[in-house]
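Following: one structure in C-alpha cells, then a few remarks.
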Amino acid sequence: MAGPVTVTDATNPEVSPVTTTPVTDRTVADRSDDRDTEELLEIANKAVQEANNRLTRQIVAQAIRGSNRTLSSDTLTQLMAQLREQQRQNQLAAANRD
C-alpha cells in the first residue's frame, strides 16, 4: 500500500501542501465520506451566502445541524478549513480579474 501523496500549489509556493490518499488506496467508506463532505460543504456554502458571506463556525454549524445532521467538532473544524481555503481562492480569483 502506497503512502500519502503530497500535492503542492506550483503557482504559489507559500501555500502549505495538501496531503491526500491515492484513489487506489481508498476504501468504499472513504468515498462515502467524500460524498458526505460534499453535501455538508453545499449546506455550509449556502448558509454562508445567505449570511452575506460571513464565514463563522456558528453559521456553518447551525445550518448543518438544522438540516438534521449530526456534526462533530472535528468535522466542523475540517469543514471550516476547506471553506476558508475556498473563500481565499475565490478572493484571489476576484482580485486577479480586477
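Every number in this text was worked out from the coordinates using simple rules, so none of it is lab data. What you see is a predicted model; the values in this text were computed from it and never measured. Note: ideal-geometry Cβ built from the backbone for every residue, glycine included; neighbour counts use all protein chains shown.
Once both labels are positioned 7 Å from their Cα atoms along Cα-to-Cβ, the gap between Gln49 and Gln86 label points is 1.0 nm. Computed from phi, the 3J(HN,Hα) profile of region 60-73 under the Karplus parametrisation 6.51, -1.76, 1.60 (θ = phi - 60°) reads 5, 4, 4, 5, 5, 5, x, 9, 6, 10, 7, 8, 7, 4 Hz, with x in place of Gly and Pro. Exposure proxy for Ser67, Ser73: other Cβ atoms within 10 Å of each Cβ, ordered fewest to most, give Ser73, Ser67. Ranking of Thr70, Thr37, Thr75 by neighbouring Cβ atoms within 10 Å, starting from the fewest: Thr70, Thr37, Thr75.
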